[in-house]
Amino acid sequence: MISQRTAVDDTREAPWSFAAPWGARGWVTDLAGPVHWVEFSSGGSADTPPAHAVPSGAAPAGHTDAPPIVFVHGLGGSHLDWVPVGSGLAADRRAVALDLRGFGLTPGTRRTATVAANVALLDRFLREVVGTPAILVGNSMGGLISVLQTQAHPETVAGLVLVDPALPQPGPRPKLGVVVLFLAVALPGIGELYLRVERSLLSSRQRVRGTLNLSFANPLRAPRELEDALVALAEERRRLPGTAAALLAAARSTVPATIDRRHRAAMGEIRVPVLLVHGEADRLVSVRSSQAAAAANPDWETRFLADTGHMPQLEMPGLVLDAVTGWLGRHPDLNAARPMNPGVAAP
């Protein structure tokens, strides 16, 4: 059930504004430790009053009572992974993006940054900050976390959008260079050394560009404004303790999940509307995994994007917005409010 003490009591405005150019305002809520999240404004202005300050049961100004959208980033990501699409999807409903523990501006540890721990964090965020069943939009590891949340706590989820989700991969494995990269991070001792060397040899901008080169089919599509924001966030994270340990813990819990076929059973138990979007040029998570998931779940809607990499919401935001808004329009249940009833899945 929703907590009697609202998250508003433990929420303060964040001291950072990396997402402000895209109409997002930052907040920090105490959920057994500080959790950073942003709320998007449909008008593209970060000065819009926060929806979480609206009394319970009332729709925020400029929003309907439709289920809100909650964005869940992937491994190494943050709230900035959603800035090109956030305000567009906030046109008629709340749209928020949280930083999982150990990522973005939310501190974490080896214990709190695992997939399982971040599923627990997402569950608490949905109940105490959002307070109503939400549409989860998850990329990569965030897609896996969103699937597990939907399966374990269906009363908190109204719909599910999976963007290049980290799912068990049938058939050919990823390219050798990607396998080597994941092994370098995942193996004890080697992962720690790899991150220390990378941090000592590469500037924040070089690291960001390396990520974009790996995640985009065409890195030239990344706007300079976005790259600059990612670099500024990376510089801020250099001042945060424990970021390397948290990243390694998350990676070491994500990699086994991509070869664990039990998660396909979890997907088969999902009863809410699902939209699956995947870039066909994804070098990190093979499109074959989503093709197999689509074949096993014919009720899901799918959109496969040509010449697009691992983060379509950053590389091809217009196509992602078109896919999501069209899907929302075809599902009336995703445009009406509903209570969060424990143990009861959304219809």
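Coordinate-derived values only; no laboratory data. What you see is a predicted model, and the numbers here were worked out from it, not measured in a lab. Ideal geometry is used to build each Cβ from the backbone, glycine not excepted, and the neighbour counts take in all protein chains shown.
Brief remarks follow.
- Where labels lie 7 Å past Cα in the beta-carbon direction, separation of residue 9 and residue 110 in nm: 3.5 nm
- Alpha carbon centroid spacing (whole Å) that separates segment 97-173 from segment 253-319: 14 Å
- Rounded to the nearest 20 debye, the dipole size of segment 66-137 about its Cα centre is 220 debye, using +1 on the Cβ of Lys and Arg and -1 on the Cβ of Asp and Glu.
- Computed log₁₀ I(q)/I(0) - Debye formula, equal Cα scatterers, no solvent, segment 60-153, q 0.10, 0.13 Å⁻¹: -0.24, -0.40
- The peptide list 121-130, 10-19, put in order of mean Cβ contacts within 10 Å with the highest first, becomes 121-130, 10-19.
- Across segment 205-296 the C-alpha pair distances fall into 10 Å bins from zero in the proportions 12, 31, 34, 22, 1 percent.
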